[in-house]
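Chemist: My questions all concern the structure below.
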Number of protein chains: 2
Amino acid sequence: MEKSLKRMTTMNRMQVTGLELFYKNGYYNTSVDDILKELSLSKGAFYYHFDSKEDFFVQIIQNLLVRKIYSSLIEPIEGHEHTLDLIINCFEDALETAVHNEMDYGFLLSNFINEFNGRNEEVMKHLNEILRIWEVTLVSAIQRGKFNGHIDRHVDAEGVAVYLMSSYIGIRTLMVENTPSARKYRFMSQLRQYFKSIEVKQSSF
Amino acid sequence: MEKSLKRMTTMNRMQVTGLELFYKNGYYNTSVDDILKELSLSKGAFYYHFDSKEDFFVQIIQNLLVRKIYSSLIEPIEGHEHTLDLIINCFEDALETAVHNEMDYGFLLSNFINEFNGRNEEVMKHLNEILRIWEVTLVSAIQRGKFNGHIDRHVDAEGVAVYLMSSYIGIRTLMVENTPSARKYRFMSQLRQYFKSIEVKQSSF
DNA sequence: CAAATAACTGACTAATGGGTCTGTTTTTCG
DNA sequence: CGAAAAACAGACCCATTAGTCAGTTATTTG
């Protein structure tokens, strides 16, 4: 465990740059040399720290990707306020971040899933695991909402979760094209519309 | 125009196999040799018919991809019946097809968009063009629904279109994992729920 | 301070990539 | 039939790839 500071620093630098390039160009379309050139490091340094390109990527998933998804999509909805508001704000923030990326390459997680699906079972296991955690978090948020009386108790929590995940994954793909801001706005409006249909009607009294 | 039958046959065979492999493995992860091996053809044959791998792919888009999207997602909603039913049936059929693919690699169009985004402007132009046509078709379907009195006249047609596209793209990505059938079912239920919120309330009378 | 170990260099390998080119076979057509 | 054109074969080229390895430099530690 007592990994030296220098070791950690170099490994982290490699992973950060690696994720950046994998996100930009895709895993198969980014060579180890590309990453090394960016960092002015040599082959020897890379294979001293990592067993292979795949091992490198798996470590990136565990060290960086998981954290990113956690901080942007998991933790924000684990609060105890009004569930649907939490989700709205979470999506709003995540999409706003994407809008402000001058160069947006879509949703990290779904990009990698598309790239590795059917081609690398090992990596897919890790990516699906993250998806599963996201799904579980959403399901329990919905159920909390039902319990708290904010969400209609007849709604299918799993269904809502799948629908939310789908729409988020899709809008991130659509936003890479022109006018991400307009699309984000339209998306959020419709999301609110959908939410109105599953929340408890505040009967006028 | 009078392209010989033999020429057309060979080119078509190459394109069909090419699309198959590009879909399975991705464009950058499929070599020209891979395609040629599958067909027992030689380099000479390939470069006799196509200028480059990119030219080959653009022709695949125009000849095969466009038609696929048209027949599965465009034409089915151009009818004149109840708009939302058309869309429901269209999505239902498209997703059911995906479920029955023993090996599903996601939504062709969005996979390629993810792969080429920021890496090949030329190819992206063609892919975005298809997206645009899909969007326009959905928008006019919604507007037709408003005009016919099936859809609430206050709804934002563009917004609904973006939301529908997003959710479809996303569910196709989610369905590549386990239990595509269950996810499809949940998705369709929520889609109906959403549609209830934008259709004209049939006031009980 | 020195020896050991950690961190790194960069030349090398074997495989594979897209693409070229010379030549052979097949088809067309007068 | 026979010549021209079309369709194709496959060896070759050069750049790039993941990964190896013997050697060098930096850092710890006794």
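The values are calculated or read from the model by the stated rules, or taken from the named source; none is laboratory data. Computed from a predicted model, the values in this text were never measured in an experiment. Neighbour counts run over all protein chains shown; Cβ positions are idealised from the backbone, glycine included. Keep in mind that these areas ignore ligands, DNA and RNA; they rest on the heavy atoms of the full protein, side chains included. Shrake-Rupley method; radii C 1.70, N 1.55, O 1.52, S 1.80 Å.
Chemist: Which residue, of B:Glu121, B:Glu102, is within 30 Å of A:Leu21 (Cβ to Cβ) and modelled with pLDDT under 95?
Modeler: Numbers: B:Glu102 fails: within 30 Å of A:Leu21 (Cβ to Cβ).
It is B:Glu121.
Chemist: Let me ask another. Condition first: more than 21 Å from A:Tyr27 (Cβ to Cβ) and more than 11 Å from chain A (Cβ to nearest Cβ). Now tell me which residues in segment B:112-126 satisfy that.
Modeler: B:Glu121, B:Glu122, B:His126
For (1) at pLDDT 95 or above; (2) in contact with a Leu (Cβ under 7 Å, 6 or more places away or on another chain), each residue gets a yes or a no:
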site	(1), (2)
B:Leu95	yes, no
B:Asn114	no, no
B:Gln143	yes, no
B:Glu158	yes, no
B:Val162	yes, yes
B:Ser197	no, no
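Chemist: Further, regarding this structure: Suppose we keep only residues that are under 18 Å from B:Leu109 (Cβ atoms) and either more than 13 Å from chain B (Cβ to nearest Cβ) or part of a helix (DSSP H, G or I) (or both) within segment A:87-111. Which one would you say is most open to solvent (accessible area, probe 1.4 Å)?
Modeler: Residue satisfying both the conditions and the ranking: A:Asn111.
Chemist: Right, here's the next one. Regarding B:Val66, is this residue among the β-branched types (Val, Ile, Thr), within 22 Å of A:Asn117 (Cα to Cα) and modelled with pLDDT of 95 or more?
Modeler: Numbers: among the β-branched types (Val, Ile, Thr): yes; within 22 Å of A:Asn117 (Cα to Cα): no; modelled with pLDDT of 95 or more: yes.
Criteria not met by B:Val66.
Chemist: Within segment A:61-91, which residues are of a type in the set (Asp, Glu) and free of Cβ contacts under 8 Å to residues at least 60 places away in the same chain? Reasoning before the result, please.
Modeler: Our first condition is that a residue be of a type in the set (Asp, Glu); within segment A:61-91, this holds for A:75, A:78, A:81, A:85.
Within segment A:61-91, A:Glu75, A:Glu81, A:Asp85 meet the criteria.
Chemist: Does segment B:115-125 hold any residues that are crowded, with 16+ Cβ neighbours inside 10 Å and either acidic (Asp, Glu) or within 13 Å of the chain's Cα centre (by Cα) (or both), and which are they?
Modeler: Matches in segment B:115-125: B:Glu115 only.
Chemist: Turning to a different aspect of this structure: When you look at B:Tyr168, is it touching a Phe, Trp or Tyr at 6+ places or on another chain (Cβ under 8 Å), farther than 17 Å from A:Met175 by Cβ and facing chain A (nearest Cβ under 7 Å), yes or no? Lay out the reasoning, then the answer.
Modeler: Working: touching a Phe, Trp or Tyr at 6+ places or on another chain (Cβ under 8 Å): yes; farther than 17 Å from A:Met175 by Cβ: no; facing chain A (nearest Cβ under 7 Å): yes.
No, not satisfied.
Chemist: I need the full set of residues from segment A:17-45 which are hydrophobic (A, V, I, L, M, F, W, C) and within 22 Å of A:Val176 (Cβ to Cβ), in order please.
Modeler: Keep residues of segment A:17-45 that are hydrophobic (A, V, I, L, M, F, W, C), which gives A:19, A:21-22, A:32, A:35-36, A:39, A:41, A:45.
Matches in segment A:17-45: A:Leu19, A:Leu21, A:Phe22.
Chemist: Testing A:Glu129 on (1) facing another protein chain (nearest Cβ under 10 Å); (2) modelled with pLDDT of 95 or more; (3) open to solvent by 10 Å² or more (accessible area, probe 1.4 Å), one condition comes back false. Which one is that?
Modeler: Only one criterion is unmet by A:Glu129, namely (1).
Chemist: Listed residues B:Leu73, B:Leu84; which is more than 16 Å from DNA strand D (Cβ to nearest atom), in contact with a Gly (Cβ under 8 Å, 6 or more places away or on another chain), open to solvent by less than 10 Å² (accessible area, probe 1.4 Å) and in a helix (DSSP H, G or I)? So that I can check it myself, show each step before the final result.
Modeler: Values: B:Leu73 fails: in contact with a Gly (Cβ under 8 Å, 6 or more places away or on another chain).
Exactly one residue qualifies, and that residue is B:Leu84.
Chemist: How many residues does segment A:142-177 hold that are open to solvent by less than 10 Å² (accessible area, probe 1.4 Å) and not in a helix (DSSP H, G or I)?
Modeler: Total meeting the criteria: 2.
One line per residue, one yes/no per condition, for (1) farther than 20 Å from A:Arg119 by Cβ; (2) open to solvent by 60 Å² or more (accessible area, probe 1.4 Å); (3) within 8 Å of DNA strand D (Cβ to nearest atom):
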site: A:Thr9; (1), (2), (3): yes, yes, no
site: A:Asn12; (1), (2), (3): yes, yes, no
site: A:Leu21; (1), (2), (3): no, no, no
site: A:Thr30; (1), (2), (3): no, no, yes
site: A:Leu36; (1), (2), (3): yes, no, no
site: A:Tyr47; (1), (2), (3): yes, yes, yes
site: A:Asp51; (1), (2), (3): no, yes, yes
site: A:Phe56; (1), (2), (3): no, no, yes
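Chemist: Can you tell me how many residues in segment A:171-187 are in contact (Cβ under 8 Å) with a residue 24 or more places away in the chain, more than 7 Å from chain B (Cβ to nearest Cβ) and aliphatic (A, V, I, L, M)? Give the steps one after another, and end with the answer.
Modeler: The first filter runs over segment A:171-187 and keeps only residues in contact (Cβ under 8 Å) with a residue 24 or more places away in the chain, leaving A:171-173, A:175-176, A:180-181, A:184, A:187.
Now narrow it down to the ones that are more than 7 Å from chain B (Cβ to nearest Cβ): A:172, A:175, A:180-181, A:184.
With the extra rule that they be aliphatic (A, V, I, L, M), the set shrinks to A:175.
Residues that pass the stated criteria total 1.
Chemist: I'm told A:Val200 meets every condition in (1) at the interface with another protein chain (Cβ under 7 Å from one of its Cβ atoms); (2) open to solvent by 10 Å² or more (accessible area, probe 1.4 Å); (3) over 14 Å from B:Leu191 (Cα atoms) except one. Can you identify the failing condition by its number?
Modeler: (1)
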